[in-house]
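In what follows, a single structure is set out as structure tokens and then discussed.
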Amino acid sequence: LHNLKLCRDMTGATTAVEIGTYKGVTTKRLSRLFDHVVTVEIDPALHAHSLARCKGRSNIEFLLGDGAVLLPQIAARVSKAVLFLDGHFSGVETGQGDEPEPVLAELDHIIPHLANFDAVVVDDFRLFGVDKGWPRKSEVLAKLEAIFDERQWTLAIQNDQFLIIRQPVAAA
């Protein structure tokens, strides 16, 4: 949550997009930090659990489905957003789509809509290249460097997460 708040504070982002709701703990916290939260969960039971946990939070949009599939449509309609990519398989309690860790495909999906995002946070740095079906850290970093021009974006690794933050536009 610290890194998501940091991204918000550095960019002025007003929307959070969370891929991988799980039980809604982070979702509920994000709803206190951002004007609007869009969250996607693939597992119907976890989706229902997060709805119950976040009852009364009117600024959260809950979507049931595969984040890797829904992300292109979400990316096209949000603005001033921080994207939190945490939609991967992490054991028996979590849901899983076609890939245990779809981050490379998810990043491809946002390319046409980069202008709508102020930051991207990719969770669980420590697991890349370690867990089965997860790309190597170097693959993720290479993809991030290919997509996010370092003259416009800051790339860092902090607290077990890849952080990509849009740099402020210099005043003319």
Taking the Cβ of THR11 as the center, what net charge do the other residues with Cβ under 9 Å away carry, scoring Lys and Arg +1 and Asp and Glu -1?
+1
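Grab the beta carbon distance between ASN59 and ASN159, set R0 = 22 Å, and tell me the FRET efficiency rounded to 0.05.
Values: r = 25 Å, r/R0 = 1.15.
Step by step, r from the Cβ atoms, then E = 0.30.
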Given a Förster distance of 35 Å, report the FRET efficiency between LYS80 and ALA48 from their Cβ-Cβ distance, rounded to the nearest 0.05.
0.75
When you count, for each residue, the other Cβ atoms within 10 Å and take the mean per peptide, how do 113-122, 46-55 rank with the highest first?
113-122, 46-55
Quick one: accessible area per residue over the chain, 1.4 Å probe, rounded to a whole number of Å²?
49 Å²
Please state the charge dipole magnitude for the chain, taken about the Cα centre, from unit charges on C-beta atoms (+1 on K and R, -1 on D and E), reported in debye and rounded to the nearest 20.
700 debye
Residue by residue through the stretch 70-83, what is 3J(HN,Hα) from phi via Karplus (6.51 cos²θ - 1.76 cosθ + 1.60, θ = phi - 60°)? Round to whole Hz and write x for glycine and proline.
7, 4, x, 5, 5, 4, 6, 10, 9, 8, 6, 10, 9, 9
How large, in percent, is the carbon and sulfur part of the accessible surface of the chain at a probe radius of 1.4 Å?
53 percent
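So what is the relative contact order of the chain, in percent, for Cα pairs below 8 Å that sit 6 or more residues apart? Display every interim value, and only then the final one.
Numbers: 314 pairs, mean separation 36.9, N = 172.
21 percent.
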Rank LEU4, PHE117, GLY133 by how far each Cα sits towards the positive end of the charge dipole of the stretch 1-143 (+1 on Lys, Arg Cβ; -1 on Asp, Glu Cβ) and give me just the farthest.
LEU4
Residues with amide H under 5 Å from that of ALA16, placed H, sequence gap 5 or more:
HIS36, VAL37, VAL38, VAL82
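The values are calculated or read from the model by the stated rules, or taken from the named source; none is laboratory data. These numbers come from a predicted model, not from an experiment. Quick reminder, even Gly has a Cβ in these numbers, built from the backbone with ideal geometry, and neighbours come from all protein chains shown. In case anyone asks, the SASA skips ligands and DNA or RNA and just uses the protein heavy atoms, side chains included. Shrake-Rupley method; radii C 1.70, N 1.55, O 1.52, S 1.80 Å.
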